[in-house]
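Engineer: Could you have a look at this structure, given as structure tokens, before my questions?
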Amino acid sequence: MLVALILTMALVAMDTTIVATAIPQVVGDLGGFSLVGWVFSVYLLAQTVTIPIYGKLADLYGRKPVLVFGVVLFLVGSLLSAGSWNMVALIGFRALQGLGAGSIGATVMTIAGDLYDVAERGRVQGWLSSVWGISAVVAPAVGGLFAQYLTWRWIFVVNLPIGALALAMIVRGLHEQVVRRKHRIDFAGAGLLLVASGLLILGLLQGGTAWPWLSLPSVVVFVVAVAAAGLAVVVERRAAEPVMPTWLWTKRVTGGSYVATLTAALMVIGLSVFLPNWAQTVLGLSPVAAGFVLAVMSMTWPLASALSAHLYMRIGFRDTALVGGGFAVAAGVLFSLLPAGTPVWAPVLGSALMGAGMGLIFSPLVIGMQSTVGWSQRGVVTGGAMFARFLGQSLGAAVFGAVTNAVILGRLAKAPRVNGQAPHNVDDVSRLLEHGHPGTREADFLRAVMHASTHAVFVGLLVAAVATVVVLLALVPRRFATTADGLSGAGGDPADLEGDHAGHHQPEAEDLQRGETLVEPHHADAGDQRHPEGGPDGIGDRDG
């Protein structure tokens, strides 16, 4: 079953990067250059806003139907994207892909928590994280090959055989016995959550690009998002089966972990977006070499994730994440001290440290939260973590983008002309450095501008790393109040999952004592559980 989960996750991981290298060919064929940003934005938007809803549906109706639906929807969107006749059609079909991707991301992580016990989830998380690392290196090259030697449409067609194989393995290998009962779907809460998160992410993605941050559209979008979020809180407090229960954010275990996940995600997007461009324009590296500098993070991330179990079984989930925070702070310090003429090994080391930090932050927190709940709440808890991660990336893209633009615009007021042209924004600087053949004086000035703007981002990475450590210390309890069901994965809950790892044993008592606090599981019927004031019994009650 692990192979099926890896293949399914590969669909989402590859699609994130494979499209970027083929965009020039897509625009040349379909036109609509002014709309090309929406090819990425609409996918991210649809994926992020639906993750909490899919997480709740997986708790209500089982993981298998939700995951199968998501894979089928993703493949239909891929097929339609391959047949797009203009840019508007492609954007619409990319939205359909994003709706499927929202199901895949959260549900795969939830199934991993169902099938494997707490001691093995670190290794499994390492495998799933490695999919993203490999895709970050391989997918852009594959997309470029398809665009150059075949057609850009193959970047979507390639999803079909991979998805079909994963779908067949899921249908045949994953079996659930879910307690069937009538559910009261929280349509009002789901709708308000979609509006609030959708408008928030839309405002973050479009602010400073499609419209100024202080313009009327920006203000309207954020005000409506806040109003919808407020109404969603009211509705979720009263709902019998809320899509995103309020205890997810009020309990320290989940709420604190979500905030730490969000701040850590700021670092991921900051480094992923700005490090390769800095390596090319300031250090003068080739695109391949610049990509390798970033790819190092994708190599140490899954390695650290796979090794995280050895730490959290001994020192606990929170303290393992703190070790990761230490690596992230070290990376932030290193990057913030890099001069313009730094040797290549320095950013490579920083990237390696950041990857190790992320592997030791994200995986233990997700695994720890999954270990505090049983089957009937693991989907919504995992979905909340994935939602926080994607929301952090959207926020990071907006904040760091605004910072770089502000620094560059301030420096360009004194910019010399290059071949009779005066650069006005970051795109002009990159274009002139690549194609303008400026003289030494002009080139040095433009590289200094790019270094100053990226240095501001590097300082932001350090701030985000320190904030993550502070959040872990202040908001996340040192000991997670785990349950027997949460630790073992598949035992004693409304569903018994069977896969290639079903029937595993629970960890020995002495192993558990070295890691987290073991409490007796509650045996109330999962269908009758209500937590209007907080979470399930025991979550976050032992703050250590």
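The values are calculated or read from the model by the stated rules, or taken from the named source; none is laboratory data. This is a predicted model, so every value here is computed, not measured. Cβ: placed from backbone, ideal geometry, glycine included. Neighbour counts: every protein chain shown.
Engineer: If we scan region 431-438, do we find a residue that is in contact with a Ser or Thr (Cβ under 9 Å, 6 or more places away or on another chain) and either of a type in the set (Asp, Glu) or modelled with pLDDT under 90 (or both)?
Structural biologist: yes
Engineer: So how many residues does region 343-369 have that are of a type in the set (A, V, I, L, M, F, W, C), closer than 15 Å to residue 263 by Cα and touching a residue at least 60 places away in the same chain (Cβ under 8 Å)?
Structural biologist: Result for region 343-369: 6.
Engineer: Now for a different question. Pick out the one residue from 296, 288, 253 that is assigned to a helix (DSSP H, G or I), at pLDDT below 90 and buried (at least 17 other Cβ atoms within 10 Å of the Cβ).
Structural biologist: From the options 296, 288, 253, the qualifying one is 296.
Engineer: Of all residues in region 73-87, count the ones that are touching a Leu at 6+ places or on another chain (Cβ under 7 Å) and not in a loop (DSSP other than H, G, I, E, B).
Structural biologist: Going through region 73-87 one residue at a time, the tally reaches 10.
Engineer: Assuming residue 241 fulfils every condition listed in (1) under 30 Å from residue 186 (Cα atoms); (2) charged (D, E, K, R); (3) surrounded by 19 or more Cβ atoms within 10 Å (Cβ to Cβ) apart from one, which condition is it?
Structural biologist: Among (1) under 30 Å from residue 186 (Cα atoms); (2) charged (D, E, K, R); (3) surrounded by 19 or more Cβ atoms within 10 Å (Cβ to Cβ), the lone unmet condition for residue 241 is (3).
Engineer: Right, another one. Could you list, in sequence order, the residues of region 316-374 that are assigned to a loop (DSSP other than H, G, I, E, B) and among the aliphatic types (A, V, I, L, M)?
Structural biologist: Result: 337, 338, 340, 344, 373.
Engineer: Might you check whether a residue that is assigned by TED's automatic domain parsing to the domain that holds residue 480, modelled with pLDDT under 85 and closer than 18 Å to residue 451 by Cβ occurs anywhere in region 256-272?
Structural biologist: no
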